[in-house]
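Student: Would you mind keeping the following structure in view while I ask a few things?
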Amino acid sequence: MSFLSVRNVSKYYGPVAAVDSFGLDVEKGEFISLLGPSGCGKTTTLQMVAGLVRPSAGTIMMGERDITHLPPPQRELGVVFQSYALFPHMTVAENVSFGLEMRKVAKAERDRRVKDILALVHLLALADRYPREMSGGQRQRVAIARALVINPPVLLLDEPLSNLDAQLREEMQFELRRIQQVVGITTIMVTHDQSEALSISDRVVVMEQGRITQVDTPYELYERPRNPFISSFVGKSNFLAATAEHHAGGATISIGNTGITFQANDRPKGKHVSVFIRPEKLRLTAPSEGQIEGTVTSRYFMGNQWLVSAKTPAGTLSVAVQNFGAPPPPIGEKVGLVWRNDDCRVLAAGAAE
Amino acid sequence: MSASVSAARPRMVVPSLLSAPATLFFIGLVLLPLALTVILSFNSYDYTAGIQSDLTVSNYLTVLQDEYYYSTFWRTLRLALITTVIAVVIGVPEAYILSNMRKPWRSIFLLVIIGPLLVSVVVRTFGWSMLLGKNGFVNGALAAVGIEPVQLLYTETAIVIGLAHIMLPFMVIPVWTVLQKLDPTVEAAALTLGASRFTALRRIVFPQAALGILSGSLIVFALSASSFAIPGLLGGRRLKMAATLVYDEFLIELNWPLGATIAIIVLLANLVIMLAYNRLIEQQAKRKLG
Amino acid sequence: MQRNGPVALIFHSLVVAFMLAPMVVVCLVAFTPENTLTMPWNSLSLRWFEAVFEHADFMASFWNSVRLALLSATISTFLAVPAALAITRYEFRGRDALNALFLSPLIIPHLVLGVAFLRLFSLMGATGSFAWLVATHAIVVSPYTLRLILASLTSMDRNAENAARTLGAGEWTVFCRITMPLLLPGISGGWLLAFINSFDELTMSIFVTSPSTVTLPVRMYMYASESIDPMMAAVSALMIAVATVTMIVLDRMFGLDRLLVGKG
Ligand SMILES: Nc1ncnc2c1ncn2[C@@H]1O[C@H](COP(=O)(O)OP(=O)(O)OP(=O)(O)O)[C@@H](O)[C@H]1O
Ligand SMILES: [Mg+2]
């Protein structure tokens with residue numbers, strides 16, 4: 001029996017399904033990210049778990065307990081809203097202590113716990129400030145403290161970092177993970193930022209148009225995306241049109257008008273397939289030494305690496321080149337491209353299952 | 001983005017309960033008395049026996065045929081219209097000047113212009129009666145430069161001056177609001193394209209402010225046409241407007257049905273103007289979109 | 001932004017003078033030592049202010065108006081808060097009609113309302129009742145409270161309430177601890193505006209007041225149309241002083257322009 005179990009939950013607005021048969025089992029202490037493009041139903045899912053939106057179908061279990069129809073105050077989950085939703089008329093300390101007051105915790109105990117949690121999020125010095133007197137990152141930590149102080153079994157976060165600038169955001173990602181691990185709290189976080197989802201989660205749930213399309217660890221998700229949409233949404237990818245000949249052990253893949261063939265373990269449906277390969281799995285060599293030959297058409301310097309595009313008979317391919325040693329060949333130069341066939345993923349063409 | 005729990009509750013019950021007190025209150029004290037007044041306007045009046053419970057249109061015929069009444073209506077319309085024109089002529093440039101002012105002055109003078117709204121109409125009208133009276137300060141000033149004193153108080157001029165003073169804030173507010181939302185660089189752009197200051201105003205600023213002017217004119221006209229204190233104090237016993245006429249019928253002549261008739265006509269005129277205005281706004285909006 | 005030229009500034013000065021003239025004159029004349037409406041060129045006197053405070057009718061009317069304004073502004077607030085909640089928080093049939101009904105006293109001339117109330121009260125036998133006078137004022141000022149409360153409700157972050165729910169607050173606690181405090185600026189602004197409008201209301205009141213419930217504006221109107229002595233100027237000066245203080249308070253708290261213009 002898992003800790004939190006969302007079973008076949010759907011939400012319809014009129015005839016439109018905002019969330020369609022969402023099913024997920026979350027283990028205790030796990031950090032789960034809900035990842036997907038805008039409007040795919042992430043917030044709706046989270047709010048159904050929080051009890052703020054009533055599911056049209058399905059059940060939500062906490063351990064043995066069915067909480068599907070429990071009103072939010074009785075669920076005792078910690079929720080951090082996208083806009084933080086701090087109480088503007090209360091100080092930081094009052095914001096944080098609100099949930100404890102609702103639980104009728106005695107004043108002395110309340111003060112102690114507020115102090116402890118504010119120390120955890122490094123905000124002890126600002127306890128008497130009002131939200132409007134604080135920066136975005138500080139507000140976000142108040143929101144987290146307010147949700148954590150009631151010792152909820154589950155923490156629900158709706159795009160908690162989306163309002164922050166890039167640098168603060170990165171800092172806060174690790175801060176969030178640190179707090180989550182110190183407290184050991186089961187966490188579900190909504191995000192539409194793939195790098196955020198990959199860097200701090202135990203598992204990532206990818207959603208498209210109200211449905212789950214893949215649930216995996218960040219590494220698996222990145223290395224073995226289930227469909228072309230995921231492979232381009234999570235990280236960058238090159239796509240090559242190819243044909244597949246199926247046989248007992250797998251399939252023989254021929255990449256269109258190049259004569260390159262290889263054996264694949266994947267078993268994509270149909271004859272027409274897409275081969276995709278990450279830019280960092282390609283390498284540039286001398287023209288004659290590669291599996292395929294091409295001409296450099298663009299070259300962007302990204303700091304830690306270069307992004308080089310080369311026009312080949314199979315199409316234009318992006319290659320990530322570590323910024324190590326000399327710069328890569330300039331535009332117009334002939335190059336060879338090398339990869340390991342094992343790094344190629346083969347998917348049914350255009351299929352979003 | 002967030003549907004709340006309450007939205008999931010029975011759809012009609014909660015909002016009905018919440019709005020019930022106000023709804024009952026307004027039905028009982030707005031719709032019911034208005035209906036009674038409409039009925040009253042169709043009753044006839046007998047100077048010895050009082051209000052009859054018959055139904056007749058004779059009151060409306062009286063009001064439309066008797067010169068005393070229709071000339072009063074005519075005066076009401078005329079003065080309200082003149083006031084509106086004056087309010088536009090003074091209020092629109094003033095709003096424009098205000099919106100061009102620098103930081104502290106802008107809010108200070110805005111307060112000076114719209115602050116008088118918080119002072120009772122009676123007080124301000126009383127001030128004008130002192131200024132305009134036979135021995136008032138305007139005549140005093142005229143005498144000082146050797147001009148014959150003129151009769152100002154108890155003339156239509158006095159009423160229009162008083163009305164213009166009371167109504168000016170109602171014109172400045174909507175125009176100023178619209179001007180606030182305008183992009184100031186647009187006017188500057190017109191100037192850099194070689195437009196003269198006047199052309200820029202006429203071609204760029206004025207058309208955009210038109211909606212504010214329209215809504216200001218509407219408020220000014222409606223309030224002027226039904227104003228009571230100003231004709232009462234500045235128009236004297238003879239120069240009546242619709243509101244003072246109703247007052248006389250109700251509290252001096254005691255002919256309530258006739259008074260109710262005039263009041264209903266004022267109300268209808270008001271509603272017609274409002275509807276026409278809404279039409280205009282819709283057309284404007286359509287033109288902007290299409 | 002264009003600068004104002006000299007012509008514009010002269011025009012502006014004239015407009016300001018026009019707006020202030022009657023009030024300045026009233027305040028000056030209030031200090032006259034004479035028995036007639038004259039400027040206090042030679043000496044200042046407070047005799048007419050004293051006369052106001054000794055004039056039983058004026059004082060009675062003043063307190064009438066204060067009580068009336070306090071009560072009607074408060075009642076209108078109690079009506080407007082739940083009504084505004086219903087209008088902003090729920091989709092229901094007849095919502096627009098209800099909204100229009102609540103704002104209708106802004107469109108119906110006060111003259112017409114006065115006549116209508118007089119008719120209703122005469123049929124009910126309630127003419128001259130102070131309680132019913134309060135009710136009429138509550139109607140007339142409700143649009144002001146409603147508009148401000150509606151504005152603060154629509155601009156409020158609903159997730160603050162949801163956050164309180166997830167922290168364990170029941171609906172009533174959410175309302176008392178979150179919704180109300182966040183609505184307070186709108187409510188107090190609306191209340192003040194309602195108070196002022198009730199305090200200054202003349203046209204409707206003149207139909208529904210009786211000798212025992214005469215309000216200050218009605219008393220002043222009667223007084224000004226019969227006798228003209230400097231006491232009227234003194235009362236007016238006092239009212240201008242009160243209005244000025246209110247104006248400054250309102251402006252500091254909310255911004256007068258926002259309050260009087262309303263949102264949008
Ligand atoms: N109250 C509602 N009524 C009707 N449709 C709704 C409602 N709330 C959400 N939706 C629809 O449900 C779908 C999912 O919305 P949701 O807010 O869950 O998206 P999201 O994944 O959180 O998007 P974002 O990343 O932009 O926040 C959207 O198409 C949205 O238009
Ligand atoms: Mg969302």
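Student: For labels at C:W63 and C:V245 in the simple 7 Å Cα→Cβ model, what's the distance in nm?
Tutor: 1.8
Student: Listed highest first by mean packing, meaning other Cβ atoms within 10 Å per residue, what order do B:194-203, C:207-216 come in?
Tutor: Taking the mean over residues of other Cβ atoms within 10 Å, the ranking is C:207-216, B:194-203.
Student: Another question about this same structure. Of B:A87, B:A276, B:A209, which has the largest mean-square fluctuation in a 10 Å C-alpha GNM of chain B?
Tutor: Top of the fluctuation ranking is B:A276.
Student: Let me ask something else about it. Using modelled amide H (1.01 Å from N, peptide plane; none on Pro or chain starts), what sits under 5 Å from the amide H of C:G255, excluding residues fewer than 5 places away?
Tutor: Amide H neighbours of C:G255, under 5 Å, 5+ apart: none.
Student: Sticking with this one: Once a ≥ b ≥ c are taken as the square roots of the eigenvalues of the Cα gyration tensor of segment B:66-289, is the result rounded (a/c under 1.5), prolate (a/b larger than b/c) or oblate (a/b not larger than b/c)?
Tutor: It comes out oblate by the Cα gyration axes.
Student: Can you compute the FRET efficiency between B:L77 and C:I107 using 1/(1 + (r/R0)^6), with r the Cβ-Cβ distance and R0 = 22 Å? Round to the nearest 0.05.
Tutor: For R0 = 22 Å, the calculated efficiency reads 0.75.
Student: Further question on the same structure: Return the calculated 222 nm mean residue ellipticity for chain B, to the nearest 500 deg cm²/dmol, obtained by summing -39500 (n - 2.57) across DSSP H runs with n ≥ 4 and dividing by the residue count.
Tutor: When only DSSP H runs of four or more count, the value is -22500 deg cm²/dmol.
Student: Same structure, new question: Suppose R0 equals 30 Å. What FRET efficiency, 1/(1 + (r/R0)^6) with r the Cβ-Cβ distance, do C:E171 and C:L70 give to the nearest 0.05?
Tutor: 0.50
Student: Collect residues whose amide H, placed 1.01 Å from N in the peptide plane, falls under 5 Å from the amide H of A:R211; neighbours closer than 5 in sequence don't count.
Tutor: HN-HN under 5 Å from A:R211: A:D20.
Student: Among C:H55, C:H12, C:H110, whose mean-square fluctuation peaks in a Gaussian network model of chain C (Cα, cutoff 10 Å)?
Tutor: Top of the fluctuation ranking is C:H12.
Student: With θ set to phi - 60° and the Karplus curve 6.51 cos²θ - 1.76 cosθ + 1.60, what are the ³J(HN,Hα) couplings of segment B:164-178 in order, to the nearest whole Hz, using x for Gly and Pro?
Tutor: 4, 5, 5, 8, 3, x, 5, 8, 5, 4, x, 5, 4, 4, 5
Student: Show me the trypsin sites (Lys or Arg not before Pro) within segment A:57-157 that DSSP assigns to loop and that have at most 11 other Cβ atoms within 10 Å of their Cβ.
Tutor: A:K104
Student: Exactly which trypsin sites (Lys or Arg not before Pro) in segment B:72-120 are in a DSSP loop and have at most 10 other Cβ atoms within 10 Å?
Tutor: Those satisfying the criteria are B:R102.
Student: Considering only protein heavy atoms, what per residue accessible area in square angstrom results for the protein assembly as shown with a 1.4 angstrom probe?
Tutor: Counting only protein heavy atoms, the per-residue value for the protein assembly as shown is 45 Å².
Student: How crowded by other chains is C:74-82, given as the mean number of beta carbons from other chains within 10 Å of each beta carbon?
Tutor: If you average over the peptide's residues, the count of other-chain Cβ atoms is 3.
Student: Just how many % of Cα pairs in segment A:113-188 lie over 20 Å apart, if you round to the nearest whole percent?
Tutor: In whole percent, the long-distance tail amounts to 26.
Student: Determine the shape class of segment A:202-353: with a ≥ b ≥ c the square roots of the Cα gyration tensor eigenvalues, call it rounded for a/c under 1.5, and otherwise prolate if a/b is greater than b/c, oblate otherwise.
Tutor: Here segment A:202-353 falls in the oblate category.
Student: At a 1.4 Å probe radius, which order do C:R219, B:R238 fall into by accessible area, largest first?
Tutor: Largest to smallest exposure gives the sequence B:R238, C:R219.
Student: Can you give the Rg and Dmax of segment A:4-226 based on its C-alpha atoms, in angstrom?
Tutor: When restricted to Cα atoms, segment A:4-226 yields Rg and Dmax of 17.2, 53 Å.
Student: On a 1.4 Å probe surface of the protein chains, which of A:C344, C:C176 comes out largest in accessible area, and what is the full order?
Tutor: C:C176, A:C344
Student: For chain B, what does the relative contact order come out to in percent, with C-alpha contacts under 8 Å and a separation of six or more?
Tutor: Computed over chain B, the figure is 26 percent.
Student: Roughly how big is segment C:34-178's charge dipole about its Cα centre, with Cβ charges of +1 (Lys, Arg) and -1 (Asp, Glu), in debye to the nearest 20?
Tutor: Computed charge dipole of segment C:34-178: roughly 520 debye.
Student: Just the number, please: Stokes-Einstein D of chain C in µm²/s, Kirkwood Rh from C-alpha pairs, 25 °C, 0.890 mPa s.
Tutor: Rounded to a whole number, D works out at 116 µm²/s.
Student: For segment A:103-156, take the convex hull of the Cα atoms, compute a quarter of its surface area, and give me that in nm², please.
Tutor: 4.2
Student: What percentages make up the Cα-Cα pair-distance distribution of the protein assembly as shown when the bins are 20 Å wide from 0?
Tutor: 12, 31, 28, 19, 9, 1, 0
Student: Residue by residue through segment A:261-278, which ³J(HN,Hα) values in whole Hz follow from phi under the Karplus form 6.51 cos²θ - 1.76 cosθ + 1.60 (θ = phi - 60°), with glycine and proline marked x?
Tutor: 10, 7, 8, 10, 7, 4, 10, x, 6, x, 8, 8, 10, 10, 9, 10, 8, 5
Student: Let me ask something else. Before anything else, pin down the relative contact order of segment A:4-226: Cα pairs under 8 Å, at least 6 apart, normalised by residue count, whole percent.
Tutor: 29
Student: Using Cα springs under 10 Å in a Gaussian network model of chain A, which residue among A:F81, A:F31, A:F324 shows the largest mean-square fluctuation?
Tutor: Of A:F81, A:F31, A:F324, the Gaussian network model singles out A:F324 as fluctuating most.
Student: With a/c under 1.5 counting as rounded, go ahead and sort segment B:173-226 into rounded, prolate or oblate using the C-alpha gyration tensor (a ≥ b ≥ c being the square roots of the eigenvalues; past the cut-off, prolate if a/b is larger than b/c, else oblate).
Tutor: Verdict is prolate for segment B:173-226.
Student: Quick one: if you stick a label point 7 Å off each Cα along the C-beta vector at C:T36 and A:H247, how many nm between them?
Tutor: 12.5
The values are calculated or read from the model by the stated rules, or taken from the named source; none is laboratory data. Everything numeric here is computed off the predicted structure, so don't read it as measured data. In this analysis, Cβ positions are derived from the backbone assuming ideal geometry, glycine residues included, and neighbour counts consider all displayed protein chains. For accessibility, only protein heavy atoms count, side chains too; no ligands or nucleic acids. Shrake-Rupley method; radii C 1.70, N 1.55, O 1.52, S 1.80 Å.
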